[in-house]
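First up is the structure itself, then whatever we jot down about it.
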Amino acid sequence: MNPSWPIDHVAIVVGDLDAAIALYTSALGFRQVYRETLAEQGVEAIGVQAGESVIELLRPLDASSPIARYRGDAPSKLHHVAFRVNNIEATLADLKAKGIRLIDEEPRSGAHRNRIAFLHPKSTGGVLIELCEPAI
Ligand code: CO
């Protein structure tokens, strides 16, 4: 497997989406490149371009969902890091063979029809890692 996966996006769960968008665009100067609702993940996602990567601001659709509870009382909290891979099935099989626990045994649909899968944080030092194969 390719050891130099680029960072596709870094996702941050936020409590106040409008304030977060204003911070990342108006104040910090990033350009918003998408806004979409990901019903399957229970979030609204806003992407701002940061070089070759994206910062993704996540607003939980349901205030009692696990991702909302994960944020807790923090104004915002780093949620996951996503690496871009070329062949997500082969990558998952390789990682599984190495003993990495997978949340998703099969890829599912992510933002803009990317195919994504999460690794289990118990296998990755407590950091939630997403693998992401962009739709072409
Ligand atoms: Co993600």
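The values are calculated or read from the model by the stated rules, or taken from the named source; none is laboratory data. What you are looking at is a predicted structure, and each value in this text was computed from that prediction instead of being measured. In this analysis, Cβ positions are derived from the backbone assuming ideal geometry, glycine residues included, and neighbour counts consider all displayed protein chains. With ligands, DNA and RNA removed, areas are computed over all heavy atoms of the protein, side chains included. Shrake-Rupley method; radii C 1.70, N 1.55, O 1.52, S 1.80 Å.
Might you let me know whether segment 19-37 holds any residue that is in contact (Cβ under 8 Å) with a residue 24 or more places away in the chain, open to solvent by 60 Å² or more (accessible area, probe 1.4 Å) and away from the ligand (no atom under 15 Å from the Cβ)? There is at least one residue in segment 19-37 that is in contact (Cβ under 8 Å) with a residue 24 or more places away in the chain, open to solvent by 60 Å² or more (accessible area, probe 1.4 Å) and away from the ligand (no atom under 15 Å from the Cβ). P121 satisfies every condition listed in (1) of a type outside the set (S, T, Y); (2) in contact with an Asp or Glu (Cβ under 7 Å, 6 or more places away or on another chain); (3) surrounded by fewer than 19 Cβ atoms within 10 Å (Cβ to Cβ) except (2).
Residues in segment 115-128 that are of a type in the set (A, V, I, L, M) and near the ligand (Cβ under 10 Å from one of its atoms): I116, L128. For segment 78-113, a tally of residues being without any contact (Cβ under 8 Å) to a residue 60 or more places away in the chain and part of a loop (DSSP other than H, G, I, E, B) returns 10. Residues that are more than 11 Å from the ligand (Cβ to nearest atom), open to solvent by less than 60 Å² (accessible area, probe 1.4 Å) and either within 14 Å of E130 (Cβ to Cβ) or touching a Cys at 6+ places or on another chain (Cβ under 9 Å) (or both) within segment 38-54 comprise just one, S53. Within this structure, I67 fails the test of being touching a residue at least 12 places away in the same chain (Cβ under 8 Å), under 26 Å from G15 (Cβ atoms), open to solvent by 60 Å² or more (accessible area, probe 1.4 Å) and in contact with a Leu (Cβ under 8 Å, 6 or more places away or on another chain). Test of understanding: among I103, I88, I136, which residue is open to solvent by 40 Å² or more (accessible area, probe 1.4 Å), among the hydrophobic types (A, V, I, L, M, F, W, C) and farther than 22 Å from I12 by Cβ? Testing whether each residue is open to solvent by 40 Å² or more (accessible area, probe 1.4 Å), among the hydrophobic types (A, V, I, L, M, F, W, C) and farther than 22 Å from I12 by Cβ leaves just I136.
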